[in-house]
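Asker: For reference, the structure I am asking about is given below.
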Amino acid sequence: MSIGVQSPEINEHFNKLFSSILIEQQKFDHIKGPDEDKKEMLAAKLKEYEQLKGRGFFYPFMASGRGHGPFVELLDGSIKYDLINAIGVNLLGHSHPIYIKANLEAATSDTMMTGNLLSYQEPYELTKVLLDAVKGSRLKHFWFSCSGSFSNDTALKILWQKKAPNYRLIAFKKSFAGRSIAMQDVTYNQSYREGMPMSIQVDHVPHFDYKDPENSLKNTISALNELIQKNGNTYCAITLELIQGEAGFIYGTKEYYEGVFKWAREHGLYVWVDEVQSFARTRQMFAFQMFGLDEYVDVVTIGKVLQGAGTFYTEELNPKPGLIAGTFNGSVASMNAGKATVRYLKEGNFYGDNGRMAELETKFKAEFKKLSEGSCKGKIPYYGGVGTMLSFEVGDATPDTTNKFMKKLFENGVITFSAGKEPTRVRFLLPTAILDEHIKEIFSIIEKTIQEVI
Ligand SMILES: Cc1ncc(COP(=O)(O)O)c(C=O)c1O
């Protein structure tokens, strides 16, 4: 423990508290229905919160702060499988010792937040482990932001400054880049920017088409060439998610991405990869590493699993003083947890063909195969994904059917989230802390729910 104050007494309390919390949290290790006397309390709190927020929630979900591994407890006392993990944040699973320890260590510190301008050792150490993790690439610097959207804004500003006045940006159809004023234009879904003025000029080209893999690269390149013909070479960069998260995990091949990135290079455009959702979740720590694209990336953004967010960039793209700053890096606890998480993932057996991420992918896909060829034949038209980013379709894969299915699945004890439109998919952002017996139970609940709804 190197944060904050230390003394033999603090260390003794710390160790006792750490183990007591772990022991208590471990009790939440199985699914269970709500407690009769708490049902109304959850309903009342949610109703009031919905009024305060001005909108409803998709699920009747309010977490109690208790949970273990893949399990989360809600305020009504029910315990469910959490296979979406705050939309991809809690990769290690609920009450993982790394999260608890990071919080406790932060409690010995004198403040809550670390800043960009007056630093602490936690962001410094986290920056070192992150840059070490990308040492096979040309990425040389890392800058913290407080959200994935803002890390993308930082990326765009850096690219704009370098390429001024070439401010146009190329993005991909079905992409999601966040909610800031600039990122809502990078995001493909128009309903996310209803009533907004256009703030930046973005052109969207087709991504890899898993139904027409052979022609995908040709189609993307011809759309790219058309853009240059139409607008001249007024572009700063090409931005993409290698695994499109909000689209339901659409992804291409190494050859496809290499073709696109070579085109970008030939035309003097920088390559910016958005790994806010994919960071730490694929068969390598970064999806660009999994596809062997290290030499191409100029800017990479991350968030979620980091317990923070930020932007990697090359030496060449280091911006002029004054362009990027901001009060917060993140909290002491989140920087500390980010550092421990990255170290743990790098040093443990998580990546590569025999790593934990590949193992989870294989096990889940095998269960999907069994269901889709057996008792649920004709009812699961698609399943796929990479590492801990997996998705599947049910029935006609419309938003209505998928939402109905997910709500029933929630009631039956498994929390997921949807992604994509035409088709709409059920999405998992799995925790690594999931045992074989859990996988068995999860698939028996999925099977039962499919029989009930589809
Ligand atoms: C690929 C991608 N980029 C950017 C964002 C935005 O991140 P945040 O919600 O932290 O602003 C997300 C969030 O889901 C994302 O999936």
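The values are calculated or read from the model by the stated rules, or taken from the named source; none is laboratory data. The structure displayed is predicted, hence computed values, not measured ones. Using ideal geometry, Cβ is built from the backbone for each residue, glycine included, and neighbour counts are taken over all protein chains shown. Accessible surface is based on the protein model in full, side chains and every heavy atom, while ligands, DNA and RNA are left aside. Shrake-Rupley method; radii C 1.70, N 1.55, O 1.52, S 1.80 Å.
Asker: Quick check on packing: order 256-269, 170-183 by the mean number of other C-beta atoms within 10 Å, highest mean leading.
Answerer: Values: 256-269: 17.9, 170-183: 21.8.
Result, highest mean Cβ count within 10 Å first: 170-183, 256-269.
Asker: Right, another one. How far is it, in nm, from the label point at Phe18 to the one at Glu359 when both lie 7 Å from their Cα along the line to the Cβ?
Answerer: 2.4 nm
Asker: If you average 1/r across every pair of different Cα atoms in segment 328-454 and take the reciprocal, what Kirkwood value do you get, in Å?
Answerer: 15.9 Å
Asker: Right, something else. For segment 211-309, treating each Cα as an identical point scatterer without solvent, what Debye log10 I(q)/I(0) comes out at q = 0.11, 0.13 1/Å?
Answerer: -0.34, -0.47
Asker: Provide His438, His13, His141 ordered by accessible surface of protein heavy atoms (probe 1.4 Å), highest first.
Answerer: Numbers: His438 20, His13 110, His141 50 Å².
In descending accessible area the options line up as His13, His141, His438.
Asker: Kindly give Rg over Rh for segment 1-97, based on alpha-carbon atoms, with the Kirkwood expression for the hydrodynamic radius.
Answerer: Over the Cα atoms of segment 1-97, Rg/Rh equals 1.09.
Asker: Using a Förster distance of 30 Å, how high is the FRET efficiency between Ala164 and Val89, based on the Cβ-Cβ distance and rounded to 0.05?
Answerer: 0.30
Asker: Quick one: if you stick a label point 7 Å off each Cα along the C-beta vector at Lys128 and Asn225, how many nm between them?
Answerer: With each label point 7 Å from Cα toward Cβ, the separation is 5.0 nm.
Asker: Carbon and sulfur: what percent of segment 111-347's accessible surface (1.4 Å probe)?
Answerer: That fraction is 53 percent.
Asker: Per DSSP H run of at least 4 residues, take -39500 (n - 2.57); add these up for the chain, divide by its residues and hand me the 222 nm value, nearest 500 deg cm²/dmol.
Answerer: Working: 14 runs with 186 residues, N = 454.
Result for the chain: -13000 deg cm²/dmol, rounded to the nearest 500.
Asker: Give me the compactness ratio for the chain, meaning the Cα radius of gyration over 2.2 N^0.38 Å.
Answerer: Working: Rg = 22.4 Å, N = 454, 2.2 N^0.38 = 22.5 Å.
Against the compact-globule rule of thumb, the ratio is 1.00.
Asker: What number, in percent, do you get for the relative contact order of the chain if the mean sequence gap of Cα pairs under 8 Å and at least 6 apart is divided by its residue count? Walk me through the numbers on the way to the answer.
Answerer: Details: 855 pairs, mean separation 87.2, N = 454.
Relative contact order, the chain: 19 percent.
Asker: Related question: Starting from the Cα of Asn403, step 7 Å along the direction of its Cβ; do the same at Glu295; then give the gap between the two resulting points in nm.
Answerer: With each label placed 7 Å out from Cα toward Cβ, I get 4.8 nm.
Asker: Could you compute how fast segment 188-254 diffuses translationally, taking Rh as the Kirkwood radius over C-alpha pairs and applying Stokes-Einstein at 20 °C with viscosity 1.002 mPa s? Give it in µm² per second. Kindly include the intermediate steps, with their values, before the conclusion.
Answerer: Numbers: Rh = 13.8 Å.
Taking Rh from Cα pairs, D becomes 155 µm²/s.
Asker: On to the next question. Is segment 393-454 rounded, prolate or oblate when judged by the Cα gyration tensor, a ≥ b ≥ c being the square roots of its eigenvalues, rounded requiring a/c under 1.5 and prolate requiring a/b larger than b/c?
Answerer: Oblate, because a/c is 1.5 or more while a/b does not exceed b/c.
Asker: Same structure, new question: Once Rh is set to the Kirkwood radius over Cα pairs, what Stokes-Einstein translational diffusion coefficient, in µm²/s, holds for segment 1-44 at a temperature of 25 °C and a viscosity of 0.890 mPa s?
Answerer: Using the Kirkwood radius from Cα pairs, D works out to 178 µm²/s.
Asker: How many Å² of accessible area per residue for segment 194-345, probe 1.4 Å?
Answerer: In whole numbers, segment 194-345 has 37 Å² accessible per residue.
Asker: Right, here's the next one. Quick one: if the Förster radius is 56 Å, what FRET efficiency do Tyr192 and Asn11 give, using the C-beta to C-beta distance and rounding to 0.05?
Answerer: My answer for the efficiency is 0.70.
Asker: Determine the per residue accessible area of segment 1-89 with all protein chains present and a 1.4 angstrom probe, expressed in square angstrom.
Answerer: Heavy-atom accessible area per residue stands at 60 Å².
Asker: May I have the extent of the alpha carbons of segment 252-319 along their three principal axes, as whole Å values ordered from largest to smallest?
Answerer: 36, 32, 14
Asker: Share of Cα-Cα pairs in segment 325-367 beyond 17 Å, in percent?
Answerer: Beyond 17 Å sits 53 percent of the P(r) for segment 325-367.
Asker: Can you tell which of Thr108, Ile380, Tyr257 lies farthest toward the positive end of the dipole of the chain, using +1 and -1 charges on the Cβ of basic and acidic side chains (Lys, Arg; Asp, Glu)?
Answerer: Among Thr108, Ile380, Tyr257, the one farthest towards the positive end of the dipole of the chain is Tyr257.
Asker: Please grab the % of Cα pairs in segment 298-356 that end up more than 15 Å from each other.
Answerer: 65 percent
Asker: Give me P(r) over segment 111-347, computed from all C-alpha to C-alpha distances, binned every 10 Å, as integer percentages.
Answerer: Using 10 Å bins, I get a P(r) of 8, 34, 38, 17, 4, 0 for segment 111-347.
Asker: Rank-order 275-286, 34-45, 306-317, 393-404 by packing density, defined as the average count of other C-beta atoms within 10 Å over each peptide's residues, highest first.
Answerer: With the highest mean Cβ count within 10 Å placed first, the list reads 275-286, 306-317, 393-404, 34-45.
Asker: Using the charge dipole of the chain (Lys, Arg: +1 at Cβ; Asp, Glu: -1 at Cβ; taken about the Cα centre), state which of Leu435, Ala340, Gly33 has its Cα farthest towards the positive end.
Answerer: Sorting the options by dipole projection puts first Ala340.
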